[in-house]
Amino acid sequence: MIATFDGSTVRLGREGKALYDQSGYGRPAAGGLILSPEEALYLLHRTKIEIEGYTFDTLLAEFAVSPGFFRCYLVYRDMRERGYVIQPGPHDFRVYRRGQKPKTGQSHYVLRVIPERELITFEAIIGDVTSSLHMRKSYVLAVVDDEDELTYYEVKLPNLKKATDFTGSGTHSAKVFGTTVIAEREAATALEEAWFGTRLDAERLMLSPAETIFLSRKGMLRCEEGDAGLDDYIKASMATDAELGPKMAAYTHLRELGYIPRTGYKFGHHFRVYSGKSTHSEMLAHALDADASMPMSVISRSVRLAHSVRKKMLFACANENTVQYIEFARIKL
C-alpha cells in the first residue's frame with residue numbers, strides 16, 4: 001500500500017481500511033486512513049506500506065524531533081509483536097486484549113511510556129490511576145531504560161480490607177528515658193501480646209516512637225515522668241525523624257485496620273506489614289506525603305526487592321484526611 005506524508009500526517013487511501021478492519025491500525029477518516037507516527041513507522045519497517053520519498057531512517061528522522069518519540073515507538077513495536085492491538089489514547093496508548101480490536105472489543109490497559117529516571121509524583125499518579133479506573137481500565141507504566149529495554153508495571157490503588165484486630169485494650173504504664181520508652185512486667189506482657197514492642201529482657205519491653213505515640217494517643221499508654229515527659233518525647237522524636245509525620249499517619253491507619261506494622265529497615269522501607277494470617281509479613285510499606293516525588297529507578301528497586309521476598313510493594317501517601325495506598329507490581333504482558 002502506498003501512503004503519503006505531508007510533514008505532519010501519514011495517510012492511506014481507501015485500501016488502507018483493510019488494515020483497520022483486520023488489525024486495528026489507524027483511524028478512519030474521509031477517503032481513507034490516518035496513521036499515528038508510531039503506526040506509520042512500524043508498518044513501514046514491516047513493509048506493510050510504502051511512503052513516497054521516505055525510508056525507515058528518513059521517516060524516523062522526521063518523527064524523532066518530538067521528545068520521547070523513539071521510546072513510544074519501542075513500546076508500540078513491542079506490544080504489536082506480542083500480539084496486542086495498540087492505539088494512541090489517554091496518556092500515551094490504549095491496549096486491547098489479545099484477539100480484540102476496535103469495533104469488536106474494549107481496550108483493557110491505559111499505558112504511559114516513561115524513561116527510567118522519570119520523577120514520579122504520587123499525587124499525579126493517583127489521579128491518573130483513578131481516571132483509568134473510571135474508564136474501567138488498568139493503568140500500566142512502560143519504562144524504557146538506558147539500553148532501551150522495556151519493563152512494565154501495573155499500578156493499583158488497593159483498598160486494604162480489615163484484618164484481625166491486634167490493637168489490644170486497657171491502659172498501660174511506661175517509663176521515658178530520653179528518647180527510649182520502656183514498659184515493664186504486666187504492661188510489657190500485655191503490649192507484647194498485642195504485637196507491640198521489642199523485648200529488652202524478661203521484664204522489660206522497648207517501644208518504638210511510632211508505637212509510643214500511637215498507644216498514647218489511643219489512651220492505651222501512660223508515660224511516667226522519666227528524663228522527659230511524653231510531650232517532650234514526641235517533640236524530640238519529630239526533631240530527629242523528618243519522616244515521622246507521614247510514618248505516623250500510615251502506622252495509625254494500618255493499626256486501625258488491624259494490621260501489624262513493624263520496622264522495615266532491613267528491606268529499606270519504613271514498615272513490613274503483617275495481617276495476622278501468616279507468620280511472615282505480606283507487604284512492605286513506605287510512607288510519604290501525597291505530594292512527594294520519587295525517581296522511577298528507586299521505585300523499580302523497591303518493587304524488585306519486594307517481589308524477591310514475596311511481598312507486595314505499597315507506597316502509603318498521607319494527606320490531611322486519610323492514607324491512599326499505591327501498589328506497583330511488575331507484570332509480563
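Read-outs: derived from the displayed coordinates by stated rules, not from any lab. Note that this is a predicted model, so its numbers are computed, not measured. For neighbour counting, all protein chains shown are included, and Cβ atoms are generated from backbone atoms with ideal geometry for every residue, glycine included.
Observations on the structure shown:
- The chain: C-alpha pair distances exceeding 36 Å, %: 39
- Ellipsoid semi-axes in whole angstrom, largest first, where each is sqrt(5λ) of the Cα gyration tensor of the stretch 1-66: 19, 12, 11
- Helix-derived mean residue ellipticity, 222 nm - over the chain, DSSP H n ≥ 4, -39500 (n - 2.57), to 500: -9500 deg cm²/dmol
- Gyration tensor (Cα) of the stretch 96-145, equivalent ellipsoid semi-axes in angstrom: 24, 15, 5
- Karplus-derived 3J(HN,Hα) values for the stretch 122-127, using 6.51 cos²θ - 1.76 cosθ + 1.60 with θ = phi - 60°, are 5, 4, 5, 6, 4, x Hz; glycine and proline are entered as x.
- Viscosity 0.890 mPa s, 25 °C: Kirkwood-radius Stokes-Einstein D of the stretch 118-173 over Cα pairs, µm²/s: 166
- Rg over Rh for the stretch 165-242 works out to 0.94, both radii taken from alpha-carbon positions and Rh defined as the Kirkwood radius.
- Beyond 17 Å, the tail of the calculated P(r) for the stretch 94-206 holds 70 percent of the Cα pairs.
- For Lys311, Lys277, order by how many other beta-carbon atoms lie within 10 Å, fewest first: Lys277, Lys311
- Entries in Lys103/Lys156; Lys175/Lys247; Lys312/Lys332; Lys161/Lys332; Lys156/Lys332; Lys101/Lys332 that, when Cα-Cα distance is taken, lie over 18 Å: Lys103/Lys156; Lys175/Lys247; Lys161/Lys332; Lys101/Lys332
- Between Asp57 and Lys156, the FRET efficiency from the beta-carbon distance, with R0 = 51 Å, is close to 0.80.
- FRET efficiency for Arg46 and Arg301, using Cβ-Cβ distance with R0 set to 41 Å, rounded to 0.05: 0.70
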